[in-house]
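Every read-out reported here was derived from the displayed coordinates using simple, explicitly stated rules and does not represent laboratory data. Predicted model only: the values in this text are computed from it and were never measured. Note that we place each Cβ from the backbone using ideal geometry, even for glycine, and neighbour counts take in every protein chain shown.
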Amino acid sequence: MAKNISFTIKFWRQNGPKDQGHFDQHEMHDIPDDTSFLEMLDILNEELINEGKEPFVFDHDCREGICGMCSLYINGTPHGKTERGATTCQLYMRRFNDGDVITVEPWRSAAFPVIKDCMVDRNAFDKIIQAGGYTTIRTGQAQDANAILIPKEDADEAMDCASCIGCGACVAACKNGSAMLFVSSKVSQLALLPQGRVEAARRVKNMIAKMDELGFGNCTNTRACEAVCPKNETIANIARLNREMIKAKLAD
Amino acid sequence: MAKVLDSKIPAGPVPEKWKEYKAHQRLVNPKNKLKLDVIVVGTGLAGASAAASLGEMGFNVINLCIQDSPRRAHSIAAQGGINAAKCYQNDGDSVYRLFYDTVKGGDYRAREANVYRLAEVSNNIIDQCVAQGVPFAREYGGMLANRSFGGAQVSRTFYAKGQTGQQLLLGAYSSLSCQVNAGKVKLYTRYEMEDVVIVDGRARGIIAKNLCTGKLERFSANAVVIATGGYGNTYFLSTNAMGCNCTAAIQCYRKGAFFANPSYVQIHPTCIPVHGDKQSKLTLMSESLRNDGRIWVPKKIEDAKALQAGTKQGWEIPEEDRDYYLERRYPAFGNLVPRDVASRAAKERCDKGFGVNNTGLAVFLDFSESINRLGIDVIMQRYGNLFEMYEEITDVFPGDVANEINGVKYYKPMMIYPAIHYTMGGIWVDYELQTTIPGLFAIGECNFSDHGANRLGASALMQGLADGYFVLPYTIQNYLADQAVWPKVSTDLPEFAAAEKAVDAEMDRLLNIKGKRSVDSIHKELGHIMWEYVGMGRTAEGLKTGLKKMHELEKEFDENLFVPGTKEGLNIELDKAIHLRDFFTMGQLVAFDALSRNESCGGHFREEYQTEEGEAKRDDKNYFYVGCWEYKGKGVEPELSKEPLEYEAIKVQTRNYKN
C-alpha cells in the first residue's frame, strides 16, 4: 500500500541561456509514494499556479521512459538514482523518504544551453545524427528483407546499441561534457549490421567531426556515462567507435 | 445541406486499384519538383517518413514538430510490432489475408480499397526498414522472426524487443536526418501549428508558433500535410504522451476539413490500472504479452472481494478457481481476441464485481503457465523490458515466484485494465489522402481511413509508414502536377495576416480570462466526463448528459481559466490552454458522432445495441457509412454527411472470434 511522504523540493529557475539562474524552494506535503517524480512536479506546478506564480518548466512527454524528452538532474544524478537505470519519468517517489530535501537541476553542459528553468536545447544531438547517423537508401528500392541473413547475436547486439533514447544523461554526467556514448551507440548499431557497413568509414568520421565542432568534450574513460544511462548503453560502444575511427583513418 | 463526398477510389477490381492508380496518376518532372514546397506538420512515423521521402524525391520540405527533436514523437512508444504479409513463417499468410483480417478487425467499417493498398505495401515497409538498419528480432538462422497479435491466426508481426515503435521511428528519423543534411528538408523543432491558411479555396500555408520565443510565424507552400496524431488526450488519462493534442486537426476542421468517424476510439485492454487522482497518464503494457500471458479473474465472488480488500493475493487462488474468461468465451482466439472485444470483456467482469485490485477496476494477466512451460529465461528474453517497466511503476515483478500449490509454481501476475489508446477516427481523406480542403493532406493516426471501427494490434505502425513512405509521396504528386506553374504564394497576403491575427487574438483572450482554475484541473474534469459518458459503454441518455456537462465545463473554461505569464517567450500553460480549448471541440464531436450512430461496432459500443451474449450488434442496413462532420460554429451541432461504404472483395458478416 502507498504511504504518504512530505519533503522540501529545491528547483532550478533560469530565464533563458544568459540569465544567471537560482534555486526556488517549495514544501511538498503528503505526497503518495506511488506518485511518479514528474506527477509530483505536476502537483508542485498546480500549487504554484494556484499561488499565481509561473510553473516550473521541464521537458517531458511520453512518461514511459522511451521518448528521451525528460532530463532532470536529481540530487546530483542525471534522472535520479535507481538500480538498473531509468529515465526521470520512471522514477517513483517510493525512492525518497519523509523529510528529504530533493534538488532538481537541468543538464549542465556547454553544448546544451538552458532554454528556461530545467528545459535545455539538445539540438546538437540531431546535428550529429544529420552528419551521418543513417544509411543513404532511397525509399522503395530495398531488396527483400530476408535477402541478407544477419546472425541473431549481431542483430541482438545492434538492437542493444539502438536502444539509446538520446536523452543526453551521458553528456550531463561527464566531467568533459562528452557525447561519446551517444555517438558510439549509433555508430555501433550501424557498424554491426551489413546494411551499415557500406558507409561505415564516412559515417564515423563525419559524426566525430560534427561532435567536436559542436563543443562536446573528449572521453577520458571515467565511465560516468554508462553509470547513468537509462538504457544501459556501455562504453564497449566507445571502444568500437574508436576502432571504427582508426579503421577509417587507416584507409584514408 | 449534407454534401456528397467523392472518395476518388479508382475503378477496377480491388487488388488492381493501386497498381492502376500508380500507372495513370500525374507525375511532377524533376525540374518542377525543385520549385514545389510542401509543409509536413509532425515527425512521427507518418510525418518523418513522408518528409524524408518527399525530400528525397526533390521537393522542398518544411517539417515541424512540437518536441525538441523529431525523434521524440509519440510513435516511439509503440511497443509490440508491425504487421506485414511476408508469410516468412510459412503459415498461409498473404496480402489478401492481411487485408481481410484488417477489414474484419475494423468491424467492416473501413474503406476496402484503402485497406487493400495498406496490405499491399506492408511488405515494402519491412524491406525499407531493414535497409535502414532497423534491428528487428531474428532467428538463429539469420532470418527475421515473427510473433502473433490479436485478431490474427498467423504470425505476421515483426518486432524489435518491446521497442518496435522506437526502432521504426529512429529509422524514419535517420532518413529524415539524411535529407536535412542534403538540404532538402528544413526542420523546425519546438514549433506548433496553430492554423492552416487557405487562399482561393486551397491550403497554402500555416501559422506556427515558435514555442520558445512565443512568436507566430507564417509558412507558405504548395501543399500542407498534417501528421499530428490522434485525439486520445481528450480523455485526459490515456496512453498518449503529455504533449499529444488535436489542435492542428481541429483547426483544419474549423477551416472546413470534414472530420470522419470521431466516435471510433480504441480502448486498449492491457494498461496499468489507474491508482490515484494525481495520475498524469496511463502506461500501456504491450498487447504482445497476450501471446504468453493469460487473462483471468476469480470464479468466486468471495475471492474477488478478498482481493479488493487486500486480504488475499492472486497467487493464492488455485487454477480451478480462476476464470480465464477470454478463453472461455472465445475458444478460437482466446487471449488474442481484438482489443475492443478484450476491453469490453474486462469491463463486463469488473462491472459484475470480479475486479481484482482495491478499486475493483483491474484483471490479472498471468505468466505462470508460460514460465512453467518455457522457463523464465525465454519469457524474460521476450518481455524483459516490459516486466522491468511494470516493476518500476508498481513495485511488483511479474517473474517472481510467489506460491506453489500441488507442485505447480504460481508467479506474481500483472494487473491490467483498459485505457484510451488510439483514435481510429480522424480528418476525412479520399483515396489520395487529401482532405475536403484542396491541397491539405492528412496521414497517419490523424486521418481516418484504414482501421474502420477498431484497429488491430501492430497495424498503426504499418499504416503510419505506409502513408508516409509509399502512399502520400505518390498521391500528392497528382495534386502538385499543375502547381509548378503557379507563382509562389507570399506570406504577405491578407489571408496570412488574418489567420495570424486570429491566433494572436485567441492567445490574448485566454490570457485575459484571469479566472481561478488551472488548465489541468479543467482538463481532468473533461476527462472524467469523457470516460464516464463517452467511454467504453455509451447510451443515448448518457451521451446527451455528457454533451450538456461538456458545454457547462466549456463555459467554466471560458470564464474561469487562469493562465499565468504572457504570450512573449515560452509559456507552457498558454500552450496547454490552447490544446484544451480544442479538446472541448473534439470531445463534443466524439459525443455527437456516438449519439448519431445507433449501433455498436468496434470501438463504439452503445449499450442499447448488443446481443444477448453482450456482443456488439452492428446495423449494416442503416449505418454502413463513414460519418463525416462539418464544423458549424462553437457550441453548434456539426452537420453530418455520409460516405457510403461499398464492399466488393469481402462479404460483410458478423465478426466471430469464437470458432
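Tabulated data
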quantity: Volume in Å³ per residue [convex hull over Cα atoms, computed for region A:4-105]; calculated: 104
quantity: Dipole magnitude (debye, nearest 20) for the protein assembly as shown, charges at Cβ of Lys, Arg, Asp, Glu; calculated: 1960
quantity: Value in Å of the Kirkwood radius, where chain A supplies the Cα pairs that are averaged; calculated: 19.7
quantity: Subset of B:K255/B:K488; B:K31/B:K255; B:K8/B:K86; B:K305/B:K548 violating a 26 Å alpha-carbon distance limit; calculated: B:K31/B:K255; B:K8/B:K86; B:K305/B:K548
quantity: DSSP beta bridge pairing in the protein assembly as shown, given as percent antiparallel to the nearest 5; calculated: 70
quantity: Anisotropy class of chain B from Cα gyration tensor, a/c 1.5 cut; calculated: prolate
quantity: Rounded to 10°, Cα long-axis angle of helix B:112-132 versus longest principal axis of chain B; calculated: 90
quantity: For B:G106, net neighbour charge (Lys/Arg +1, Asp/Glu -1) across residues whose Cβ lies under 12 Å away; calculated: +2
quantity: Kirkwood Rh in Å, taken over all unlike Cα pairs in region B:413-558; calculated: 19.6
quantity: Proportion of all alpha-carbon pairs of the protein assembly as shown beyond 38 Å (%); calculated: 40
quantity: 10 Å Cβ neighbours from other chains, averaged over peptide B:65-76; calculated: 6
quantity: Around A:D154: net Lys/Arg minus Asp/Glu count, Cβ-Cβ under 14 Å; calculated: -1
quantity: Structure-based [θ]222 nm, chain B - -39500 (n - 2.57) summed over DSSP H runs of at least 4, per residue, nearest 500; calculated: -11000 deg cm²/dmol
quantity: If the convex hull is drawn through the Cα atoms of region B:537-653, its volume per residue in Å³; calculated: 156
quantity: Per-residue ³J(HN,Hα) for region B:222-237, Karplus 6.51 cos²θ - 1.76 cosθ + 1.60, θ = phi - 60°, Hz, x for Gly and Pro; calculated: 7, 7, 10, 10, 9, 9, 9, x, x, 10, x, 6, 3, 7, 6, 8
quantity: Among A:37-43, B:248-254, the order from most to least packed when residues are scored by Cβ within 10 Å on average; calculated: B:248-254, A:37-43
quantity: Distance between region B:102-164 and region B:379-423 - C-alpha centres, whole angstrom; calculated: 26
quantity: Farthest positive-ward along region B:503-623 dipole, Cα basis, beta-carbon charges - from B:N571, B:F592, B:M530; calculated: B:N571
quantity: Partner chain coverage, peptide B:470-476 - average Cβ within 10 angstrom; calculated: 1
quantity: Mean ellipticity per residue at 222 nm, deg cm²/dmol - from DSSP H runs of n ≥ 4 across chain A, formula -39500 (n - 2.57); calculated: -10500 deg cm²/dmol
quantity: Tensor-based shape of region B:269-419 (alpha-carbon gyration tensor, a/c under 1.5 rounded, otherwise prolate or oblate); calculated: rounded
quantity: Cβ neighbours within 10 Å from other chains - mean over B:175-184; calculated: 5
quantity: Local net charge near B:Q308, Cβ-Cβ under 15 Å (Lys/Arg +1, Asp/Glu -1); calculated: +1
quantity: Cα Rg, Dmax, region B:106-184, angstrom units; calculated: 15.2, 45
quantity: Normalised per residue, the volume of the convex hull around the Cα set of region B:39-194 (Å³); calculated: 127
